[in-house]
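What follows is a short report on a single structure.
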Amino acid sequence: MKEIAPGVFYCGLHDRNRKLFDQLVPLPQGTTYNSYLVEGAEKRALIDTMYEKLLGPYCDMIAARGAKIDYIVSNHAEPDHSGAIPTLLKTYPEAVVLCSPKCAENLVNMLGVDPSRIRAVADGEEVSLGGRTLKFIMAPWVHWPDTMFTHLVEDNFLFSCDYFGAHYTDNELFADCSENLAEAAKRYYSEIMMPFRGFCAKYLGLARAMNPKMILPSHGPVYDRPEFIMNLYAEWVSDKFARKVVMPYVSMYDNTRIMVDYLENALRSRGITVVRAELIGADEGEIAMQLIDAPCVVFGTSMVLTGPHPKSVYAAYLINILRPKLKYFGVIGSYGWGGSLSAPIEACFKLARPEKIPGVEVKGRPVGETFRALDEFAARIDEKISAL
């Protein structure tokens with residue numbers, strides 16, 4: 001337990017051994033699960049709790065502080081933040097869970113929490129700890145519908161739950177504001193928050209208006225210089241695009257790779273940055289980060305039976321559910337006897353809905369005619385991006 005300010009303590013734990021989040025998102029550094037203890041003159045509150053797998057050391061840490069817990073604030077019911085609640089309610093029989101109405105429903109359904117131990121709070125509602133006030137701000141869809149923020153009014157501390165978080169396991173309590181942290185926060189935003197960019201922009205405005213002294217998220221460091229993370233979010237949620245094309249590709253017999261190489265050079269000659277990502281062994285987080293400001297994605301794919309390689313379809317599906325501010329996509333690649341490379345990929349885009357720029361599909365190896373078609377494709381991409 002570390003003191004953040006008089007009567008405000010960090011009770012989080014590091015999990016450097018965790019390799020995936022949601023069995024999907026790579027964690028190069030592992031992650032942290034942040035919990036905070038706030039002590040008033042009369043009452044004490046825990047703000048968010050702990051992942052169940054780290055329950056033992058977490059409960060020992062809370063017990064070592066002594067006395068009772070009056071309130072358990074659950075900003076969000078996902079188990080990495082709420083997993084300790086059932087045990088804490090047994091340990092502290094007078095404790096009451098404070099959360100949004102939707103979170104209350106989730107805690108009952110997901111963790112079996114007794115509804116009589118939960119008090120659903122309203123937007124703007126306040127609870128006094130004695131000389132300290134907790135104010136609750138409903139913030140749905142960053143990133144679940146049950147999310148709320150907690151504002152420690154007198155200290156002007158904003159407990160933002162997953163919003164402004166990062167899977168970052170630096171040993172320092174406060175943010176070092178380094179390039180490494182910025183990249184970790186960007187990766188986190190792209191994987192977790194990007195599907196809700198509009199809501200992120202809304203709550204960024206709310207946070208800026210509060211002008212908090214500190215931002216205390218549920219993953220990563222505490223921001224005692226909150227403008228660092230708010231400025232990054234302002235960049236990421238903006239409508240601005242880079243002159244950039246992301247090219248996830250998979251090539252079975254090098255024919256598609258040759259096409260990718262040629263298109264990359266054709267685009268670069270037009271002043272367009274190209275980010276290639278070979279899908280065999282790719283880090284999905286790296287691709288997601290590049291999508292934040294990319295207006296166009298071009299899939300390079302070989303054909304398997306009569307459709308695109310499954311790795312390409314998976315990439316398209318993942319990009320679709322991440323919902324970047326993507327405007328255009330295209331497909332290039334080589335096939336053996338017949339079928340369609342682009343149609344199954346296009347079918348994946350039910351949410352993102354980028355415009356299709358007709359690409360280049362060639363039977364067998366690429367030849368002179370193929371390269372001329374790729375030059376024309378590069379010109380169409382340049383025209384579209386330049387018009388944004």
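The values are calculated or read from the model by the stated rules, or taken from the named source; none is laboratory data. What you are looking at is a predicted structure, and each value in this text was computed from that prediction instead of being measured. Positions of Cβ are generated from backbone atoms using ideal geometry, with glycine treated the same way; all protein chains shown enter the neighbour counts.
Would you be able to say whether some residue in segment 194-212 is part of a loop (DSSP other than H, G, I, E, B) and surrounded by 17 or more Cβ atoms within 10 Å (Cβ to Cβ)? Yes, segment 194-212 contains at least one residue that is part of a loop (DSSP other than H, G, I, E, B) and surrounded by 17 or more Cβ atoms within 10 Å (Cβ to Cβ). For segment 48-70, the count of residues that are in a strand (DSSP E or B), assigned by TED's automatic domain parsing to the domain that holds D155 and either crowded, with 23+ Cβ neighbours inside 10 Å or charged (D, E, K, R) (or both) is zero. Looking at S238, S269, S218, just one residue is among the hydroxyl-bearing types (S, T, Y) and more than 26 Å from I385 (Cα to Cα), and that residue is S218.
Of the strands (runs of 3 or more DSSP E) contained entirely in segment 219-320, those carrying at least 2 residues that are modelled with pLDDT of 95 or more and crowded, with 23+ Cβ neighbours inside 10 Å fall at 244-250, 296-301.
Residues of segment 220-228 include none that is more than 30 Å from A122 (Cα to Cα) and touching a His at 6+ places or on another chain (Cβ under 8 Å).
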